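Novice: The structure under discussion is supplied below as structure tokens; questions concerning it will follow.
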Amino acid sequence: MLRGEPYRSSAAQVRGDMKLTRLTLFLAVLAVTVPGVQAQPVPVTPGAWTAIGPDGGDARRFAVDPLDPQRIYLGTTNSWIYVSNNAGASWRRLAKLGAQDNLVVDSLAVDRSDPKTLFAGVWVMDHPDGGVFISHDSGRTWSEEPGMHGQAVLSLKQARGNAKELVAGTLRGVYRSLDKGAHWEEISPPGSAEIHEVESLAIDPYDAGIIYAGTWHLPWKTMDGGKTWKSMSTGLIVDSDIFSMYVDPESPRLMYLSACSGIYRSDDFGDDFRKVNGIPSAARRTRAIVMDPAESDTVYAGTTEGLYKTTNGGKTWQRTTPGDVIVNDVYVDPGNPQHVLLATDRSGVLASDDGGMTWEPSNIGYSQRQVAALLTDAKDPGTIYAGVINDKRFGGVFVTTDYGRSWKQVSDGLGGRDVFELAQGADGTLMAGTDNGVFRWSGTGWTAADSVAPTGTQKKSDPPKRAPRTWRERQEWRRRQHASSVQIEGRVTALATADGTWYAATAQGVFRSADDGTTWQGPVLGAASPGSFSGLGDYIAIVTRGSTVYAARRTGIMVSTDDGVTWAPVVFPAGLSAVTTLAVTPEGTLWAGGREGVFYTSTRGFMWKRLQRLPVVAINDLRWDPAMGRMIVTSNESTLIFAVDPQSRTWKWWNAGWPVHDVAWTGRRMLAASQFSGVVAQPQPEEASDGGGVTQNAQR
């Protein structure tokens, strides 16, 4: 499935999100059932912590206030609506739709008769769900319309000729409301074998009863408000998916539509289509077709391989962006058609002031990055590094030197790789673990730091002195051959350093370097390593404390007490199904987190204890914070951050408003990595609520 594409299967994939209300109820029950524990009211203000960057990320759909073209709304892939009051020069978060974090806002409309009223059609990635939301206060608050609850809405249009009429395209079919969304009826044949998975819509500007519906299998048309429908397949390649449709608002006999087979034009209300030339059709999807409001022969086509423009009605086209720009929507300013905006995957909003010929990012205040790693510089807490995934050349590593007020991309040399881990040595050496190898920061760019030194004296090209006879001999020979490979390959899931020695956890095993990653030895711990586990999956976590090193797979933990030279298994904690994260305190207590909660041992696994009463599970990150002297705990299923005292086993907590991980303390305030909203931060130093009911200052 392509990035950002609607769910195309009837099988439901349930996302296990624990709601904050459940957590509040749990705390209330805890106060009653456990002596000495007093529940505090949980601050339930999503967004109390603010998203501070890095700017950019995925952007989906524009909508413009008809009375104020400077006011532009923008939909995202994670339930949020942004707004700009300066024609897209800068943005701010406006509101979140519903309680879910995975609503794709692919349809936005501003009521032509009342610009304070907005409509949003949403669907859920990888799940047949969604709905219609309406705001009556310029987008500040929203309510879901019950009649469309659970419907994956792929397209939503308001009729130009009748402001009360809305039409929605869903996975099931075409729905219409004649009272601005208060009530809905299905106007396509229920259970139709043809009119379903309706991805695009268009309505005749003069006759609202004429509706065009583009499905994942050709377009359809009704001229009587849905009583009857007819196919519009003349001239189209069979099985074309119709991604977008555009009807000329002045001359509705002219229309364009885009399909997986190319772009088509009709001059007779869709009765006949002809394919336009000039745009290669291979591996391309055109998600938006927009006509210049001042010149009907000028048309923009936003595709998954860049923006194309024609000035002669489709006879010839010119691509005006790089081919790796994925365009989801195009906005042409009716007051100044030279001003054009693009909503894109990865690169956020792009702006042009010369009719789309040159482009610049326009993402001030727009933060939709997926941050996988967050690191505060050891010597300068105002310098923070963020590792980003899924953004190709637009992502990589970003750095701020002013506590998050501004960010700069520093990704030269990464080649568009995803960055999953960031770590810093005592001497300031900065390393990045990517989806393909380890990289070291040189001060001006990243260089590969993943060369593996051959083990022993035997070269890879040398045949064995005799054929391996036993299974163990074959495994050892294969390990030596693999260890002689040129570099560490595949995803690096964890990096750690202590006393000048670096460790990298990968799918190949654990590697060790004593020269800041110039060369690595190993795998010193892998499926074929002596004493290691076999067939239990990749290594996902590694932590150090002096010469002691712990490394974990999902269902196994290993320990080395001699800087990673030799290893021994650690007894796995009973009651934990799989490890997701490890951490170690200064006195050497090992902590492990996973689906069932937090476990700890001060005896290297001979005796484990579970951290009782902590009201979260599904732990995604554990990390020791030396400034607080506490273990920081975060969960996939909660917006709360816990700081646990390892001696008293009591905690303080903050509500970030987003599920987060990789919490960092800058000395001024907390920062954390969110799943889709970049780095989030406390608006100001806050007090944390203690698990025992006592409020203490978080900056002790």
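Novice: Considering only region 76-112, state which residues are more than 23 Å from the chain's Cα centre (by Cα) and modelled with pLDDT under 95.
Specialist: ARG112 - this is the single residue of region 76-112 that is more than 23 Å from the chain's Cα centre (by Cα) and modelled with pLDDT under 95.
Novice: Taking only pairs six or more apart or across chains, which ones have beta-carbon atoms under 8 Å, a first residue in region 249-272 that is within 22 Å of ARG160 (Cβ to Cβ) and in contact (Cβ under 8 Å) with a residue 12 or more places away in the chain, and a second residue that is polar (S, T, N, Q) and not in a strand (DSSP E or B)?
Specialist: That search, which allows pairs on different chains as well, returns ASP271/THR234.
Novice: Being within 14 Å of ASP268 (Cβ to Cβ) and more than 39 Å from the chain's Cα centre (by Cα) is the filter here; which residues of region 236-251 pass it?
Specialist: The one that is within 14 Å of ASP268 (Cβ to Cβ) and more than 39 Å from the chain's Cα centre (by Cα): SER251.
Novice: Any idea which residue in region 586-616 is surrounded by the most Cβ atoms within 10 Å (Cβ to Cβ), counting only those that are closer than 24 Å to VAL524 by Cα and among the polar types (S, T, N, Q)?
Specialist: Top of the filtered list is THR589.
Listed here are the residues, each with its yes/no results for (1) surrounded by 15 or more Cβ atoms within 10 Å (Cβ to Cβ); (2) in contact with a helix residue (DSSP H, G or I) (Cβ under 6 Å, 6 or more places away or on another chain); (3) on the phi < 0 side of the Ramachandran plot; (4) modelled with pLDDT of 95 or more.
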residue: ALA213; (1), (2), (3), (4): yes, no, yes, yes
residue: LEU218; (1), (2), (3), (4): yes, no, no, no
residue: MET223; (1), (2), (3), (4): yes, no, yes, yes
residue: TRP229; (1), (2), (3), (4): yes, no, yes, yes
residue: ASP239; (1), (2), (3), (4): no, no, no, no
residue: ILE242; (1), (2), (3), (4): yes, no, yes, no
residue: TYR246; (1), (2), (3), (4): yes, no, yes, no
residue: PRO249; (1), (2), (3), (4): no, no, yes, no
residue: TYR256; (1), (2), (3), (4): yes, no, yes, no
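Novice: Give the residues of region 344-372 that are touching a Gly at 6+ places or on another chain (Cβ under 8 Å) and either of a type in the set (Ser, Thr, Tyr) or within 18 Å of VAL290 (Cβ to Cβ) (or both), sorted by residue number.
Specialist: Those that are touching a Gly at 6+ places or on another chain (Cβ under 8 Å) and either of a type in the set (Ser, Thr, Tyr) or within 18 Å of VAL290 (Cβ to Cβ) (or both): ASP345, SER347, VAL349, ALA351, SER362, TYR366, SER367.
Novice: Give the residue, chosen from GLY161, GLY173, GLY169, that is in contact (Cβ under 8 Å) with a residue 24 or more places away in the chain, on the phi > 0 side of the Ramachandran plot and not charged (D, E, K, R).
Specialist: Just one listed residue meets the conditions, GLY173.
Novice: A further question on this structure: For region 311-343, what are the residues that are within 27 Å of ASP65 (Cα to Cα) and in a strand (DSSP E or B)?
Specialist: Passing the criteria: ILE326, VAL327, ASN328, ASP329, VAL330, TYR331, VAL332, VAL340, LEU341, LEU342, ALA343.
Novice: Here's a follow-up. Do any strands (runs of 3 or more DSSP E) lying entirely in region 571-674 carry at least 2 residues that are more than 21 Å from ALA505 (Cβ to Cβ), and which ones are they?
Specialist: Here the list reads 630-635, 640-644, 651-655, 660-665, 670-674.
Novice: Continuing with the same structure: Where residues in region 335-370 are within 21 Å of SER677 (Cα to Cα) and hydroxyl-bearing (Ser, Thr, Tyr), which of them is surrounded by the fewest Cβ atoms within 10 Å (Cβ to Cβ)?
Specialist: Checking each candidate, the answer is SER362.
Novice: So, of the residues in region 373-409 that are outside any strand (DSSP E or B) and aliphatic (A, V, I, L, M), which turns out to be surrounded by the fewest Cβ atoms within 10 Å (Cβ to Cβ)?
Specialist: ALA378
Novice: Moving on. Go through region 415-432 and give me each residue that's in a strand (DSSP E or B), closer than 11 Å to VAL397 by Cα and small (Gly, Ala, Ser).
Specialist: Scanning region 415-432 gives a single hit, ALA432.
Novice: What residue, among those in region 297-319 that are under 19 Å from ARG346 (Cβ atoms) and of a type in the set (Val, Ile, Thr), is surrounded by the fewest Cβ atoms within 10 Å (Cβ to Cβ)?
Specialist: Once the filter is applied, the top-ranked residue is THR304.
Novice: May I pose another question? Among the residues of region 170-188, are any hydroxyl-bearing (Ser, Thr, Tyr), surrounded by fewer than 16 Cβ atoms within 10 Å (Cβ to Cβ) and not in a strand (DSSP E or B)?
Specialist: no
Novice: Hey, another quick one. Identify, please: which residue in region 109-123 is buried (at least 21 other Cβ atoms within 10 Å of the Cβ) and touching a strand residue (DSSP E or B) at 6+ places or on another chain (Cβ under 6 Å) and is, among those, farthest from ASP65 (Cα to Cα)?
Specialist: Filtering region 109-123 for residues that are buried (at least 21 other Cβ atoms within 10 Å of the Cβ) and touching a strand residue (DSSP E or B) at 6+ places or on another chain (Cβ under 6 Å), the one farthest from ASP65 (Cα to Cα) comes out as TRP123.
Novice: Looking at region 290-304, can you tell me whether even one residue there is assigned to a loop (DSSP other than H, G, I, E, B) and over 35 Å from the mean Cα position of the chain (by Cα)?
Specialist: yes
The values are calculated or read from the model by the stated rules, or taken from the named source; none is laboratory data. This structure is a prediction, so every number in the text was calculated from the model and none was measured. In this analysis, Cβ positions are derived from the backbone assuming ideal geometry, glycine residues included, and neighbour counts consider all displayed protein chains.
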